[in-house]
Amino acid sequence: MSAVTLTSDIAARKYDVIILWETSRGGRELELWARALNLCRETGTLIYITSQDTVYDTSKSQDWKSIAGEGIDNVMESERLSLRVKRAYSAAYAAGKPMGRTPWGFSRSYTATREPEQHPHPDRAPLVAEIIGRIAKSEPIARISDDLFARGIASPSGQPRWTRISIVSLVSPAYLGKRRVNGQLVDANWPALISEDLYFSARRVLGHFSGTRDRI
């Protein structure tokens, strides 16, 4: 049950007692938690926390203070957890570890310690190099799309026909074995599928036709 639903049900006087395993199950947003406590006070609804084996009556000042304080603690713990996750993600990203969706052309596996490893896909990796090479030679995107469709090669989204964006987006640092960190290309810990010369040749072609800077 969401915190929003819980407050609505309390306001509708659906319960005599709210039973929660711990106070954090009532929500980690302080505003909603305070709203729920105030509604419990208005409606005479009790709160039973099973992990504490304690019943709180928010009409009593001490009970209200105790359970409100736990709500603040829950919010702070949620904030600390979020910060730890963001720091861990940023550190892993900067270290070049595979993150997020696996780029088309690669496959992903995990070590015994759940560390991700990225490898060239046996069928798709050569296609990535082929498509980027054709772009570098200024071959029209529409012709590349038509050829891939005729060969029965599905796009990264699974559609039978490749769109312009699905082709252009392959000109990505991921296929150099790199990623962008603070605007700079840095080494990632997976192998390159193409050379830097090929990548930048394709970028120049795309930049010439689109008039855009190299931001991919």
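The values are calculated or read from the model by the stated rules, or taken from the named source; none is laboratory data. As the structure is a computational prediction, the values presented were derived from the model and not from experiment. Methodologically, a virtual Cβ is constructed for each residue, glycine included, from the backbone with ideal geometry; neighbour enumeration extends over all protein chains shown. Accessible surface is based on the protein model in full, side chains and every heavy atom, while ligands, DNA and RNA are left aside. Shrake-Rupley method; radii C 1.70, N 1.55, O 1.52, S 1.80 Å.
Structure notes:
- Within the stretch 100-133, considering residues that are basic (K, R) and surrounded by fewer than 14 Cβ atoms within 10 Å (Cβ to Cβ), the one farthest from the chain's Cα centre (by Cα): R114
- Contacts under 7 angstrom Cβ, first residue in the stretch 53-68 being touching a residue at least 24 places away in the same chain (Cβ under 8 Å) and at negative phi, partner open to solvent by 80 Å² or more (accessible area, probe 1.4 Å) and not in a loop (DSSP other than H, G, I, E, B), 6 or more apart: W64/R41
- Within the stretch 106-127, residues that are of a type in the set (V, I, T) sit with their Cβ atoms under 9 Å from residues that are in a strand (DSSP E or B), at 6+ positions apart or across chains, in these pairs: T111/E117.
- The stretch 133-182 - residue that is aromatic (F, W, Y) and out of contact with any Gly (no Cβ under 9 Å at 6 or more places or on another chain) and, of those, nearest to P120 (Cα to Cα): W162
- Scanning the stretch 57-92 for residues that are under 19 Å from E31 (Cβ atoms) and either in contact with a His (Cβ under 7 Å, 6 or more places away or on another chain) or not in a helix (DSSP H, G or I) (or both) returns a single hit, T58.
Each row is one residue, and each column tells you yes or no for (1) open to solvent by less than 20 Å² (accessible area, probe 1.4 Å); (2) not aliphatic (A, V, I, L, M).
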| residue | (1), (2) |
| --- | --- |
| E29 | no, yes |
| C40 | yes, yes |
| T50 | no, yes |
| D57 | no, yes |
| D63 | no, yes |
| A68 | yes, no |
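- Taken over the stretch 143-158, the residue count meeting the criterion of being free of Cβ contacts under 8 Å to residues at least 12 places away in the same chain and on the phi < 0 side of the Ramachandran plot is 8.
- If only residues of the stretch 4-19 that are surrounded by 18 or more Cβ atoms within 10 Å (Cβ to Cβ), touching a strand residue (DSSP E or B) at 6+ places or on another chain (Cβ under 9 Å) and at pLDDT 80 or above are counted, the one that is farthest from L39 (Cα to Cα) is I18.
Here's the yes/no breakdown for (1) modelled with pLDDT under 95; (2) under 27 Å from the mean Cα position of the chain (by Cα); (3) of a type in the set (D, E, K, R):
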| position | (1), (2), (3) |
| --- | --- |
| I135 | no, no, no |
| S145 | no, no, no |
| R151 | no, no, yes |
| W162 | no, yes, no |
| R179 | yes, yes, yes |
| I216 | yes, yes, no |
